[in-house]
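Please treat every number below as a calculation from the coordinates, not as lab data. Here the structure is a predicted model, which is why all the values come from computation and not from measurement. Positions of Cβ are generated from backbone atoms using ideal geometry, with glycine treated the same way; all protein chains shown enter the neighbour counts.
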Amino acid sequence: MVLRRIYRVGEITGYIRNLLESDSLLSDLWIRGEISNFKRHTSGHIYFTLKDDSSSLRCVMFRSRACLLDFLPANGMNVLVRGYISLYERDGSYQLYVEELEPDGMGALYLAYCLLKDRLEAEGLFAVEHKKPIPFLPRKVGVVTSPNGAAWHDIVTVIRRRFPQMPIVLAPAAVQGEQAPGEIQAALAALDRRDDIDVVIVGRGGGSLEELWAFNTEEVARAIFRMHIPVVSAVGHETDYSIADLVADLRAPTPSAAAEIVVPDRRELERRVFNLQGRLMQAVNRGLKEKREKLKTIAGRSLPRSVQSRLLLHKQQVGFLNRRLLDRTRAITMNARAKTELIAGKLDALSPLAILKRGYSICRNHSTGNIIKGIRETGVGELVDVILGDGSMHCLVKEIKEDQHG
């Protein structure tokens, strides 16, 4: 019987690492490529992917080397990189450990970004005078994003926490791929035609330059500029600015931050109203007290009886008006609170999310993202996404039945 030698995973990865580090070619080499998926960690280390037309290579540059750079790397840049290849044993993946980094011209996407940015800026699309103010308390919030993405979930979660009764209208659109610019443009136009939406959030979660490219297209930029409703961009990247960010009326670093910006905290509003009500009552009482003191001073003087009678009459009238003013102030406050609660209840009942929670759903083609309005827009064997009130389902069409009653 032949004895088998059994190795542990760590032994094999360590062996491969030693092979890589002992190779003279891989121990010190220069590579040319384009930066993608660039990220600067809080530790000071930088991580990115170096790619060309045929392949990609994961790279890391530690803080001790990164702090020596005399330029700011960015997605889309062509660079020359010097370093060595080794294995990251925890993940079992090889990567380039960067020791030097130099610019080598612009990558194709980055060059396209710069050219479009300069052209649109020259046309005035980024000008401050075109920026519309964001409303303090919108009637409804429109959102343009993918219903299946993390951005939609984050926006809904934040708005429901800050202002539970705020209606949210989703205009679904693909946020990456060739169809994304057209769908984003159509979704923005659909929301702009409504007269009940006061602000729109457009965006998605983070990603590489390629994944975010829809928000760097002229089609989306001009669609945002044409909007009559204020637009907040939330493309989900902290450091880089997309063309959409520059055209929008306000830029938020993440979808969650956009939700924080467009919707106030209802509890904070209630505290402010309560404090203002208290300040109003104090001011009224202080003014009345001053008037009473003046009346007392005048009443204590030696005045003709007719004048004293008139002062007493006015004093009684002031007391009566004081009570009416206090009663009216309380009534106005209670009436305003009741109207606010009534409107909030009506808005919540009209919310699309509330309709979905009553058992309705939205069906979208999985590959195109288009909403399916009839049985002829899909077929047996196709994948569809069914959006419900509390989430979504990924489904396969196995049979189609036509409604015989029309």
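Structure notes:
- Between helix 305-350 and the chain: long-axis angle, C-alpha atoms, 0 to 90°, nearest 10: 30
- Positive minus negative residues near ARG272 (Lys, Arg vs Asp, Glu; Cβ under 12 Å): +1
- With Cα atoms, 0 to 90° folded angle of helix 108-123 axis to the chain main axis: 30
- In degrees, nearest ten, helix 150-162 long axis to first principal axis of the chain (Cα): 20
- Neighbour counts of C-beta atoms inside 10 Å place LYS132, LYS296 in the sequence LYS296, LYS132, starting with the fewest.
- Those aspartates and glutamates that a straight Cα-Cα span of less than 15 Å connects to LYS132, excepting residues fewer than 8 apart in one chain: ASP192, ASP198, ASP245, ASP249
- Other residues with beta-carbon under 10 Å from the beta-carbon of PRO147 carry, at +1 per Lys or Arg and -1 per Asp or Glu, a net charge of 0.
- Percent breakdown of C-alpha pair distances by 20 Å bin, ordered from the shortest bin, for the chain: 19, 36, 26, 12, 5, 1, 0
- Cross-link pairs beyond the 26 Å C-alpha cut-off, checked among LYS339/LYS373; LYS117/LYS140; LYS291/LYS339; LYS140/LYS339; LYS373/LYS398: LYS339/LYS373; LYS117/LYS140; LYS291/LYS339
- Ascending count of other beta-carbon atoms within 10 Å, so fewest first, for ARG204, ARG8, ARG32: ARG8, ARG32, ARG204
- When the Gaussian network model of the chain links Cα atoms closer than 10 Å, the mean-square fluctuations of VAL169, VAL232, VAL247 top out at VAL169.
- Anisotropy class of the range 128-262 from Cα gyration tensor, a/c 1.5 cut: rounded
- Charge context of GLU260, other residues only, Cβ under 11 angstrom, K/R +1, D/E -1: 0
- FRET efficiency for the pair ALA150 and LEU325, taken as 1/(1 + (r/R0)^6) with r the Cβ-Cβ distance and R0 = 60 Å, rounds to 0.70.
- Of TYR84, TYR113, TYR15, the residue with the greatest mean-square motion in the GNM of the chain, using alpha carbon springs below 10 Å, is TYR15.
- Residue-averaged [θ]222 nm for the chain, counting only DSSP H segments that reach four residues, each worth -39500 (n - 2.57): -13500 deg cm²/dmol
- Rounded FRET efficiency, nearest 0.05, which uses the C-beta distance separating LEU396 from ILE343 and R0 of 51 Å: 0.75
- Residues TRP152, TRP30, ranked from the fewest to the most other C-beta atoms within 10 Å, line up as TRP30, TRP152.
- GNM flexibility winner over the chain from LEU191, LEU313, LEU246 (Cα, springs under 10 Å): LEU313
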